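Below is one structure, written out as structure tokens; comments come after it.
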Amino acid sequence: MHKNLKLAFFLFLIGSLVTIGLIYFFSAQIAVLSPAGMIGEKQRSLLMISVYVMLLVVVPVFILTFFIAWKYRASNQKAKYSPEWDQNHTAEIIWWGIPLIIIVVLGILTWKGCHDLDPFKPIASDRKPLKIQVVALQWKWLFIYPEQNIATVNFFEFPKETPVEFEVTADAPMNSFWIPRLGGQVYAMAGMRSKLSLIANGEGSYYGSSANISGEGFAGMKFTAQSTTQEGFDQWVSSIQQSSSVLTLDAYNELVEPSSYVPPQFFKLGSPGLFDDIIMKYMMPMKGMHSRGNRS
Amino acid sequence: MSGLAAIQTSDIFGRLTWDAFKHDAIEASVGVGTLLLMVFLIVFLTYKKRWHWLWNEWLTSLDHKKIGIMYLIVSGSMLFKGIVDAAMMRAQQILSVGDSFGYLSAPHYQQIFTAHGTTMVFFVAMGFIAGIFNIIVPLQIGARDVAFPFLNSLSFWLFTVGVGLLMVSLMIGNFSGTGWVGYPPLSGLKYSPDVGVDYWIWSLQISGVGTLLTGINFFVTIFKMRCPGMTLMKMPMFIWAVLNTLVLIAFSFPILTATLGMLSLDRMLGMHFFTSDFGGNPMMYVNLIWAWGHPEVYILVLPAFGIFSEVVATFSSKRLFGYVSMVWAIAAITFLSFIVWLHHFFTMGAGPKVNAFFGIMTMVIAIPTGVKIFNWLFTMYRGRVQFTTPILWFLGFVIIFTIGGMDGVLMAVAPVDFQVHNSLFLIAHFHSVAIGGVLFGFFAGYTYWFPKIFGFKLDEKLGEYAFFCWFFGVLAAFIPLYVLGLMGATRRLDHYDASTGWFPLFAIAAFGVLLVLVGIGFQVHQLLYSIKHRRKNRDITGDPWNGRTLEWSTLSPPPFYNFAVIPQADARDAFWEMKKEGWKGRGDEPYEEIHMPKNSPLGVFIGGLSMALGFALVWHIFWLAALSLLAILACIIVRLSEEHTEYTLSASEMKRIEKEIEKRHHT
């Protein structure tokens, strides 16, 4: 019995050390721990600080658990035994108090963090932010650039070091818009306008997906977000503006039809108020616009 | 509404057609397997001529201990089903990478994870706690029965109907694929027109009524039926934990019933509570379901805390440290659990102040929870800790639950949650607390109280092997999920790209599930082995662990009336104090005549009729729904008009029974 316990203890110890080591060495491959923009960086540092603060309690708990259980094992008759001892106010004040202090610290961090990292808050920058309107469809993402008059599916580009202001809605069940390396996440809901501001430090291409189950083709609802230079972005925009495919209302109604694992598509925007129309359609039934099974 | 008219219905069969019976090979094999198992059981019982015994001794019994054992049997088999679901999901995820799409279709995969969550929360965890309540609560408070024995039987049968509907969905039609909390609009008529969501709704509605009745029944039991001397502050800690759980049930389950009720009105009558259009509000559903869902989390874990309190004190041969502080900690958790629900959806876009409030409230729960852990550790301090399997489960709980709890606090920091919400990190978090807390707690209680229920101990060696497999299996299955979540892997994916680099971690997680399956293998073996060698491990004293509370003062297994003479509790660890003062064991007492409840088949009947009602509502067979509802009402009236629901056990009869047990123990 005791032999097995010791073995398990060392297995656990070695396992923990190996796990921590692996996470440390591979942290560059772990999106949330290797952010590529300011929002993600702030979220990571908040994560790390919170973990360190909590380890102040958790590590002693682990050590105490093993130490006490082992020292007071029944076979160790030398250890003190006081079967009636069941109260000590000082001790209890300590373990109501220390967690309380830690929670106060974390609470202050949370309060500040919630305000600082409110997804609806614009990022302060001397560059003019880029507006991108995001529509979750069954099961792909539509990105509308209202100022550039273009639209894309499952892929979008944006200039580095420029704040991007996303407006997010859905013409589908609820989804969640998430680009792990840039920062987290906001729900995409039909008839609602959520906002999210993100920024990228450098050039790169980032994995994004829906984080909320939205039906059969949900797993194929992925996109790529690509940051590039301002010149590169301008070039990309004008190449799409010259393309022949136009996202008219008819084209949109076709796009709304359920499909999954959809390769990137690029359109000239044919209907400038499309995003608002999509939101409004859930407020009052609109003529000429329909989604699957829309009852009107 | 056109949405309703679009569905083909007939007057006799509603929406039910032959298509409902058609399934692909994998689904069909599960359905056929279940059917074969049932046929085997029926043949076996007929062959052994056991129907009469089954009906009289078990199905119609109002004995709380027997009802408890039936709960454990149902939940135990559902645990097996739930784990098979989990193994199927992990198998899909190691096969479905890049160009390969695995062996499950996306809708089937989604039904599996929905069924997994529903099964584990409602039919495993809830069933286990209801079973333990049934068996232990009356014994621990020195009562002969629960307050409402018939209601108790009815609760069990309604719970079993929930299980039954879930199992029927394997064979007729399909189950919901919208996740275990079924957010609309996905779970609404527009996006889920088939019967899956209806199966989910009615399975939860019917078993939910059973849970609510259990809640009220045991609440009254604890308040009205404690033995003389047992004031509130002398109750065992387990009873305190259960009492708070019951408060949570009574306040939160009506929310679930109302929410699912509105969802089914949307689906059946084309209403717009939760649709995206016509003024409906799906966000309201999300708020409501978690206003129930978060207390539900504590409904599951508080009883586990109670079990650990008993186990740690008993196996340390020492009083529970900080009793008063423990009671207040539980009460604080109970209260706080109602004001944290929004932390399930920080990402919905509420303002920073709202998010901060709910985040901080969530963290505050960590304080009383932490206090409890310290109190358990200091119960062991200066004790004599015996490393029996219940203590191993406790140690495993401290490790895994603390890891899970730490991540819970981490996710309460709303901006951090934005980066891990709905990712596999979240999955790892709540499995750490649910398995490490609830399930390990249940396993500790199962081993601890097994000799009380059945009269012999479980084999320790095999229990130890099972524990090690579970402990390392759970770590191997969920630590990789934390990392996967941080890598951007969201939950509920039936496929991912090879370029994500997630495969090795999914493979380790799948290995962890295998290890857990080996652990379950050991547990099944342990049970069979212990039954076979029951003579060797027999508990004649009724007190195999040198226990502290009243359930150990009666025989193992207790006679159907629990206590020949109702005990007197003069201190917190009542039985421990009795033994200190020279308790000589159960002697010849002045017995008195008592009243015990008669068996009643009406629980089974109402259960069967509820099954028909649920099935009829799923398939829109409205004549059957109306008929079964009327029949249920008739059963209730019959029960209410019965005058002789109890019988008298005379003092001399009790003496004869006691003598007989005595004699059996000496052979």
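The values are calculated or read from the model by the stated rules, or taken from the named source; none is laboratory data. All values reported here derive from a predicted model rather than from experimental measurement. Cβ coordinates were reconstructed from backbone atoms using ideal geometry, including for glycine residues, and neighbour counts include every protein chain displayed.
Suppose we filter the range A:133-153 for residues that are more than 22 Å from B:Ala350 (Cβ to Cβ) and either within 13 Å of chain B (Cβ to nearest Cβ) or surrounded by fewer than 17 Cβ atoms within 10 Å (Cβ to Cβ) (or both); how many remain?
5
Among the residues in the range B:489-497, are any over 21 Å from B:Ala87 (Cα atoms) and either away from every other protein chain (no Cβ under 14 Å) or crowded, with 17+ Cβ neighbours inside 10 Å (or both)?
Within the range B:489-497 (the criterion being over 21 Å from B:Ala87 (Cα atoms) and either away from every other protein chain (no Cβ under 14 Å) or crowded, with 17+ Cβ neighbours inside 10 Å (or both)), the answer is no, since none of the residues qualifies.
Within the bounds of the range B:645-657, is there any residue that is at pLDDT 95 or above and either loosely packed, with under 13 Cβ neighbours inside 10 Å or not in a helix (DSSP H, G or I) (or both)? If you could, list the steps in order and put the result at the bottom.
Filtering the range B:645-657 down to residues at pLDDT 95 or above leaves none.
Taking every residue of the range B:645-657 in turn, none turns out to be at pLDDT 95 or above and either loosely packed, with under 13 Cβ neighbours inside 10 Å or not in a helix (DSSP H, G or I) (or both).
Among residues belonging to the range B:499-536 that are at pLDDT below 95 and within 13 Å of chain A (Cβ to nearest Cβ), point out the one that is surrounded by the fewest Cβ atoms within 10 Å (Cβ to Cβ).
Ranking the qualifying residues of the range B:499-536, first place goes to B:Ser499.
What is the number of the single condition among (1) buried (at least 20 other Cβ atoms within 10 Å of the Cβ); (2) without any contact (Cβ under 8 Å) to a residue 40 or more places away in the chain; (3) under 28 Å from B:Trp58 (Cβ atoms) that B:Leu555 does not meet?
(2)
Can you tell me how many residues in the range A:134-165 are in a strand (DSSP E or B) and closer than 25 Å to B:Gly179 by Cβ? Steps first, please.
Residues of the range A:134-165 that are in a strand (DSSP E or B), as a first pass: A:134-137, A:140-145, A:150-153, A:155-159, A:164-165.
Remaining after also requiring closer than 25 Å to B:Gly179 by Cβ: A:134-137, A:140-142.
Result for the range A:134-165: 7.
I need the full set of residues from the range A:197-209 which are crowded, with 18+ Cβ neighbours inside 10 Å, touching a Gly at 6+ places or on another chain (Cβ under 8 Å) and of a type outside the set (Val, Ile, Thr), in order please.
Here is the first cut: in the range A:197-209, the residues crowded, with 18+ Cβ neighbours inside 10 Å are A:197-200, A:206-209.
From what's left, touching a Gly at 6+ places or on another chain (Cβ under 8 Å): A:198-200, A:207, A:209.
Answer for the range A:197-209, where residues must be crowded, with 18+ Cβ neighbours inside 10 Å, touching a Gly at 6+ places or on another chain (Cβ under 8 Å) and of a type outside the set (Val, Ile, Thr): A:Leu198, A:Ala200, A:Tyr207, A:Ser209.
Would you point out the residue of the range A:210-250, among those that are assigned to a loop (DSSP other than H, G, I, E, B) and more than 29 Å from the chain's Cα centre (by Cα), that is surrounded by the fewest Cβ atoms within 10 Å (Cβ to Cβ)? If you could, list the steps in order and put the result at the bottom.
Filtering the range A:210-250 for residues assigned to a loop (DSSP other than H, G, I, E, B) gives A:211-217, A:221, A:229, A:242-245, A:248.
Now narrow it down to the ones that are more than 29 Å from the chain's Cα centre (by Cα): A:242-245, A:248.
Values: A:Gln242: 8, A:Ser243: 12, A:Ser244: 6, A:Ser245: 13, A:Thr248: 15.
Of everything passing the filter in the range A:210-250, A:Ser244 is surrounded by the fewest Cβ atoms within 10 Å (Cβ to Cβ).
I'd like the full set of residues that are touching a residue at least 60 places away in the same chain (Cβ under 8 Å), of a type in the set (A, V, I, L, M, F, W, C), more than 7 Å from chain B (Cβ to nearest Cβ) and part of a helix (DSSP H, G or I), limited to the range A:28-69.
A:Met38, A:Ile39, A:Ile49
Does A:Ala91 fit the bill of being at the interface with chain B (Cβ under 7 Å from one of its Cβ atoms), within 30 Å of A:Leu5 (Cβ to Cβ), part of a helix (DSSP H, G or I) and touching a strand residue (DSSP E or B) at 6+ places or on another chain (Cβ under 8 Å)? Break it down stepwise before answering.
On the way: at the interface with chain B (Cβ under 7 Å from one of its Cβ atoms): yes; within 30 Å of A:Leu5 (Cβ to Cβ): yes; part of a helix (DSSP H, G or I): yes; touching a strand residue (DSSP E or B) at 6+ places or on another chain (Cβ under 8 Å): no.
No; evaluated as a whole, the condition is false for this residue.
Among the residues of the range A:104-125 satisfying the criterion of being at the interface with chain B (Cβ under 7 Å from one of its Cβ atoms) and of a type in the set (A, V, I, L, M), which is nearest to the chain's Cα centre (by Cα)?
By that ranking, first place goes to A:Leu117.
Looking only at the range A:263-278, decide whether some residue is modelled with pLDDT under 95, closer than 19 Å to A:Met189 by Cα and not in a helix (DSSP H, G or I).
yes
Out of all the residues in the range A:98-132, which are part of a strand (DSSP E or B) and crowded, with 22+ Cβ neighbours inside 10 Å? Break it down stepwise before answering.
Step one: of the range A:98-132, the residues part of a strand (DSSP E or B) are A:130-132.
A:Ile132, the sole residue that qualifies.
Condition first: in contact (Cβ under 8 Å) with a residue 24 or more places away in the chain and more than 7 Å from every other protein chain (Cβ to nearest Cβ). Now tell me which residues in the range A:70-88 satisfy that. Give the steps one after another, and end with the answer.
So the first thing to find is which residues in the range A:70-88 are in contact (Cβ under 8 Å) with a residue 24 or more places away in the chain, and the list is A:73, A:75.
A:Ser75 - this is the single residue of the range A:70-88 that is in contact (Cβ under 8 Å) with a residue 24 or more places away in the chain and more than 7 Å from every other protein chain (Cβ to nearest Cβ).
Scan the range B:624-634 and tell me whether some residue there is out of contact with any Lys or Arg (no Cβ under 9 Å at 6 or more places or on another chain), in a loop (DSSP other than H, G, I, E, B) and surrounded by 12 or more Cβ atoms within 10 Å (Cβ to Cβ).
Here is the first cut: in the range B:624-634, the ones out of contact with any Lys or Arg (no Cβ under 9 Å at 6 or more places or on another chain) are B:624-634.
Next, from what is left, pick out any that are in a loop (DSSP other than H, G, I, E, B): none.
No, there is no match, as no residue in the range B:624-634 is out of contact with any Lys or Arg (no Cβ under 9 Å at 6 or more places or on another chain), in a loop (DSSP other than H, G, I, E, B) and surrounded by 12 or more Cβ atoms within 10 Å (Cβ to Cβ).
Being within 14 Å of chain A (Cβ to nearest Cβ) and surrounded by fewer than 23 Cβ atoms within 10 Å (Cβ to Cβ), is that true of even one residue in the range B:307-319?
If we filter the range B:307-319 for residues that are within 14 Å of chain A (Cβ to nearest Cβ), which is where we start, we get B:308-309, B:311-319.
Restricting the remaining residues to those that are surrounded by fewer than 23 Cβ atoms within 10 Å (Cβ to Cβ) gives B:317, B:319.
Yes, that holds for at least one residue.
Kindly indicate whether B:Phe575 is surrounded by 17 or more Cβ atoms within 10 Å (Cβ to Cβ), in contact (Cβ under 8 Å) with a residue 60 or more places away in the chain and of a type in the set (Phe, Trp, Tyr). Talk me through it step by step, then tell me what you get.
Details: surrounded by 17 or more Cβ atoms within 10 Å (Cβ to Cβ): yes; in contact (Cβ under 8 Å) with a residue 60 or more places away in the chain: no; of a type in the set (Phe, Trp, Tyr): yes.
No: the conditions fail for B:Phe575.
Checking B:Asn174 against (1) in a loop (DSSP other than H, G, I, E, B); (2) modelled with pLDDT of 95 or more, which test does it fail?
B:Asn174 satisfies all of (1) in a loop (DSSP other than H, G, I, E, B); (2) modelled with pLDDT of 95 or more except (2).
Would you check which residues across the range B:412-466 are more than 20 Å from B:Leu395 (Cα to Cα), in contact (Cβ under 8 Å) with a residue 40 or more places away in the chain, among the hydrophobic types (A, V, I, L, M, F, W, C) and crowded, with 24+ Cβ neighbours inside 10 Å and list them?
Listed by number, the residues that qualify are B:Ala412, B:Val413, B:Ala414, B:Phe418, B:Val420, B:Leu424, B:Phe425.
Quick one: which helices (runs of 4 or more DSSP H) sit completely within the range B:371-466 and have at least 2 residues that are closer than 24 Å to B:Phe122 by Cα and not basic (Lys, Arg)? I'd like the intermediate steps shown before the answer.
Working: elements: B:389-412, B:414-420, B:424-433, B:440-454.
The helices (runs of 4 or more DSSP H) meeting that bar are B:389-412, B:424-433, B:440-454.
Could you list, in sequence order, the residues of the range B:340-360 that are more than 7 Å from chain A (Cβ to nearest Cβ), over 18 Å from B:Phe430 (Cβ atoms) and modelled with pLDDT of 95 or more?
Those that are more than 7 Å from chain A (Cβ to nearest Cβ), over 18 Å from B:Phe430 (Cβ atoms) and modelled with pLDDT of 95 or more: B:Lys353, B:Val354, B:Phe357.
Residue-wise test of (1) among the hydrophobic types (A, V, I, L, M, F, W, C); (2) over 30 Å from A:Met192 (Cα atoms); (3) under 28 Å from the mean Cα position of the chain (by Cα).
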| site | (1), (2), (3) |
| --- | --- |
| B:Lys234 | no, yes, yes |
| B:Phe238 | yes, yes, yes |
| B:Ser252 | no, no, yes |
| B:Leu263 | yes, no, yes |
| B:Met268 | yes, no, no |
| B:Trp290 | yes, no, yes |
| B:Glu296 | no, no, yes |
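Quick one: what pairs do we get from the range B:390-403, first residue closer than 16 Å to B:Leu462 by Cα and in contact (Cβ under 8 Å) with a residue 12 or more places away in the chain, second crowded, with 23+ Cβ neighbours inside 10 Å and among the aromatic types (Phe, Trp, Tyr), C-beta under 7 Å, 6+ apart or different chains?
From residues that are closer than 16 Å to B:Leu462 by Cα and in contact (Cβ under 8 Å) with a residue 12 or more places away in the chain, the pairs are B:Pro390/B:Phe315; B:Pro390/B:Tyr448; B:Ile391/B:Phe315; B:Leu392/B:Phe467; B:Trp393/B:Phe440; B:Trp393/B:Phe443; B:Trp393/B:Phe467.
I'd like to check something: does the range B:390-409 contain any residue that is in contact with an Asp or Glu (Cβ under 6 Å, 6 or more places away or on another chain) and either more than 7 Å from chain A (Cβ to nearest Cβ) or closer than 19 Å to B:Phe238 by Cβ (or both)?
So in the range B:390-409, the residues in contact with an Asp or Glu (Cβ under 6 Å, 6 or more places away or on another chain) come out as none.
Looking through the range B:390-409, none of the residues is in contact with an Asp or Glu (Cβ under 6 Å, 6 or more places away or on another chain) and either more than 7 Å from chain A (Cβ to nearest Cβ) or closer than 19 Å to B:Phe238 by Cβ (or both).
For A:Asn4, indicate whether it is over 40 Å from the mean Cα position of the chain (by Cα), within 19 Å of B:Val398 (Cα to Cα) and either at the interface with chain B (Cβ under 9 Å from one of its Cβ atoms) or crowded, with 17+ Cβ neighbours inside 10 Å (or both). It would help to see each step written out before you state the result.
Numbers: over 40 Å from the mean Cα position of the chain (by Cα): yes; within 19 Å of B:Val398 (Cα to Cα): yes; either at the interface with chain B (Cβ under 9 Å from one of its Cβ atoms) or crowded, with 17+ Cβ neighbours inside 10 Å (or both): yes.
Against the criterion (over 40 Å from the mean Cα position of the chain (by Cα), within 19 Å of B:Val398 (Cα to Cα) and either at the interface with chain B (Cβ under 9 Å from one of its Cβ atoms) or crowded, with 17+ Cβ neighbours inside 10 Å (or both)), A:Asn4 qualifies.
Using the structure shown, decide if B:Ser192 is buried (at least 24 other Cβ atoms within 10 Å of the Cβ) and either at pLDDT 95 or above or not basic (Lys, Arg) (or both). Talk me through it step by step, then tell me what you get.
Values: buried (at least 24 other Cβ atoms within 10 Å of the Cβ): no; either at pLDDT 95 or above or not basic (Lys, Arg) (or both): yes.
No.
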